[in-house]
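Only one structure is covered here, and it is reproduced in the block below.
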Amino acid sequence: MYTVPQIQKVIVKEGLLNAKDYAKYVEEAEAKGEQIIDYLVSKEVVGEEAIYQLMAQSIGRPFINLKDRNIRQDILFLIPEPIAKTHDILAYEKTTDGILKVAAVDPDDIQTFEFIEKKTGCPLEINLTSPASISQALRLYHQSLEIEFKNLSKSTWQVESVDGEDGDKQLQKLATDLPVVRLVNSLLEYAIFEGASDIHIEPQEKEVIVRYRIDGILRPVMTLPKTVLSGIIARIKILANLKLDEHRLPQDGRFKIEDENYKISFRVSTIPVFDGEKIVMRLLDEGNKLLKLEDLGFRDKDFKKILVGIDKPYGMILVTGPTGSGKTTTLYAILSRLNTSEVNIATVEDPIEYRMEHVNQSQVNPKIKFTFAIGLRALLRQDPDIIMVGEIRDQETAEIAIHSAMTGHKVLSTLHTNDAPGTLPRLLDMGVVSFLIASTVNVVVGQRLVRKICQHCIMSYKLDKKAIESLSDQVDVNFFLKVLQQEGVIESGQKSLGTLLFFKGKGCKKCNNTGYKGRLGIYEVLEVTPEIQTLIMNKATAAELRLAARKQGMSVMLEDGLIKAKNGITTIEEVLRVTKE
């Protein structure tokens, strides 16, 4: 977006305001957390169109007014509606030599411009416009789709009550109707562009709600008329090779979207609910580059503990946390470090989320009774040096994994527990003998994912009295200060949180006004030392193991998160949200 100095230069140079008055308005806008142009327009100090025209001239870009402009539908829909709406950008004309003219509010939204250029295959001519102009033009999406939805509405309701071959044919026809294809394509493309991990299509009594899970949080994207539900479901079922006329039973399938820019696999799950069928699609980026272990956000002492664990010739490395906490990513990062031509690595997973070269990856399939336990037994006959088991879910898998670690293999796996110390008693609960756990487990990593502060709108602030009191209810403030001092984050002798700078995101277009963009792990790493082994042999509780590990210097996830909050990576609120038990 335009910078404050750019705006000041234009406004003062054109005589709209003198420097002193402009500085006063900037101060007022910052106090209210508003952009200076929006604030000046809302205060009627300057006219919106006039200021945006001047800003366009100042950076040498043409200005376009879209009000009352006729735009062809085929050109309009070259940019999916959700992207146009979120990023204030719209396609309005295509020249005879194939140049696509787009109108945008933000001249620096390079990522969006590149995405549109790759998607359309057309070079772009960027023209600038005002928010009011683009807002009016965005209504064209709804006008054109509403007309097409009305044409669909009659046949849509009839299809739901038809079974057999006729119903199947009607659903197939409905799934190929242009507005349905366009709508589903837009939903998928926008989800890829926004980095969503899941798409939820949820029927209500009178409407259909579409939500994306972005950075771990479900976010409403679109509300559609109920009449389009059958068409959307039919289209997605065709893509995922599911039965079109089966509405009473859950179904699972998958499909893939691949081009020169991305390779995304969609796992599709349908389930009957009271108001129809709900669909959830999990997005897996198969073209995603694997993260290195050092890029995951481990602090030095924790990173060293993991390296010690994986350098041992045999034994288990366990990663624990709830669903969606990044456990598989951590395991793949460890595998990537171990992946050399001298070792044979085999995995059994559900699903295979990343494709790794020189690694033999197997996908479990319960329908044909290919389970983790059966897959793990088969892998042991394949002369492996390193084995990765996607998840330890039952006693049989746990025992085979433990015995594999005993017989000279490195075994990597995940478990669902709240923290690292709770993992060891959980294995006992599964029926694994205590001395086997003590002698095979090398290191346990507990983790959560926190949202990172958006670097485009990051701002510093100090905690007020009310915020400190609220934090004190959940954290021992004196202990928190002591941890920050030990880590060298603050100077020794600091006795108050009120004087420390913390960080948060104001909210901007880049982060959809959330203040967050991307995610990072917060961790606790439990090294199984001789003392911890003795406690495991004596069947110690998770609390006793945690106490012993703390005495040996283990930091818990909350501490790791608060240190990252002080360093401006995430916020205190986000850390407390994900570590709340």
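Brief remarks follow.
- Applying a threshold of 9 Å to beta carbon distances and a minimum spacing of six or more residues, or different chains, the list of pairs starting in the stretch 420-449 at a residue that is farther than 28 Å from Gly297 by Cβ and ending at one that is open to solvent by 10 Å² or more (accessible area, probe 1.4 Å) and of a type in the set (Gly, Ala, Ser) reads Leu428/Ser434.
- Qualifying residues in the stretch 195-243 (those that are over 19 Å from Leu284 (Cβ atoms) and part of a loop (DSSP other than H, G, I, E, B)) - the one least open to solvent (accessible area, probe 1.4 Å): Gln204
- Test for Arg519: is it open to solvent by 80 Å² or more (accessible area, probe 1.4 Å) and under 30 Å from Asp295 (Cβ atoms): yes
- Just so you know, in the stretch 533-542 the residues that are under 16 Å from Asp419 (Cβ atoms) and in contact (Cβ under 8 Å) with a residue 60 or more places away in the chain include one that is most open to solvent (accessible area, probe 1.4 Å), and it is Thr541.
- Cβ-Cβ distances below 7 Å connect the following pairs, each with a first residue in the stretch 63-78 that is in contact (Cβ under 8 Å) with a residue 60 or more places away in the chain, a second residue that is assigned to a loop (DSSP other than H, G, I, E, B), and a separation of six or more residues or different chains: Phe63/Thr129; Ile64/Thr129; Asn65/Thr129; Leu66/Thr129.
The rows are residues; the columns are (1) over 24 Å from the mean Cα position of the chain (by Cα); (2) assigned to a strand (DSSP E or B); (3) hydrophobic (A, V, I, L, M, F, W, C).
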{"site": "Lys101", "(1), (2), (3)": "yes, yes, no"}
{"site": "Asp108", "(1), (2), (3)": "no, no, no"}
{"site": "Thr112", "(1), (2), (3)": "no, no, no"}
{"site": "Ile116", "(1), (2), (3)": "no, no, yes"}
{"site": "Lys119", "(1), (2), (3)": "no, no, no"}
{"site": "Ile126", "(1), (2), (3)": "yes, yes, yes"}
{"site": "Ala132", "(1), (2), (3)": "yes, no, yes"}
{"site": "Ala137", "(1), (2), (3)": "yes, no, yes"}
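- Top-ranked residue of the stretch 497-516 - restricted to ones that are touching a residue at least 24 places away in the same chain (Cβ under 8 Å) and assigned to a loop (DSSP other than H, G, I, E, B), ranked as most open to solvent (accessible area, probe 1.4 Å): Lys506
- Out of Lys301, Lys305, Lys292, Lys312, sole residue that is surrounded by 14 or more Cβ atoms within 10 Å (Cβ to Cβ) and of a type in the set (Lys, Arg): Lys305
- Residue satisfying all of: in the stretch 37-71; among the basic types (Lys, Arg) and farther than 15 Å from Val102 by Cβ; least open to solvent (accessible area, probe 1.4 Å) among these: Lys67
- Ala548 assigned to a loop (DSSP other than H, G, I, E, B) and touching a helix residue (DSSP H, G or I) at 6+ places or on another chain (Cβ under 8 Å): no
- In the stretch 110-156, the residues that are among the acidic types (Asp, Glu) and at pLDDT 85 or above: Glu114, Glu117, Glu125
- Looking across Leu242, Leu224, Leu229, one residue alone is touching a Gly at 6+ places or on another chain (Cβ under 7 Å) and closer than 12 Å to Leu183 by Cβ. It is Leu229.
- Sole exception among (1) within 27 Å of Pro250 (Cβ to Cβ); (2) open to solvent by less than 30 Å² (accessible area, probe 1.4 Å) for Glu286, by number: (2)
Let's see how each residue does on (1) assigned to a helix (DSSP H, G or I); (2) at pLDDT below 90:
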site: Ser492; (1), (2): no, yes
site: Lys495; (1), (2): no, yes
site: Ile532; (1), (2): yes, no
site: Ala565; (1), (2): yes, no
site: Gly568; (1), (2): no, no
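- Filtering the stretch 224-253 to residues that are charged (D, E, K, R) and within 26 Å of Glu81 (Cβ to Cβ) leaves Lys226, Arg235, Lys237.
- Qualifying residues in the stretch 336-384 (those that are part of a helix (DSSP H, G or I) and not hydrophobic (A, V, I, L, M, F, W, C)) - the one least open to solvent (accessible area, probe 1.4 Å): Gly375
- Restricting the stretch 418-451 to residues that are open to solvent by 30 Å² or more (accessible area, probe 1.4 Å) and among the aliphatic types (A, V, I, L, M), the residue that is nearest to Val556 (Cα to Cα) is Leu449.
- Residues within the stretch 452-461 that are open to solvent by less than 20 Å² (accessible area, probe 1.4 Å) and out of contact with any Phe, Trp or Tyr (no Cβ under 8 Å at 6 or more places or on another chain), tallied: 1
The values are calculated or read from the model by the stated rules, or taken from the named source; none is laboratory data. Just so it is clear, the model here is predicted, and its values are computed rather than measured. So basically every Cβ, Gly included, is an ideal-geometry build from the backbone, and we count neighbours across all protein chains shown. Surface accessibility is based on the protein's heavy atoms, side chains included, excluding ligands, DNA and RNA. Shrake-Rupley method; radii C 1.70, N 1.55, O 1.52, S 1.80 Å.
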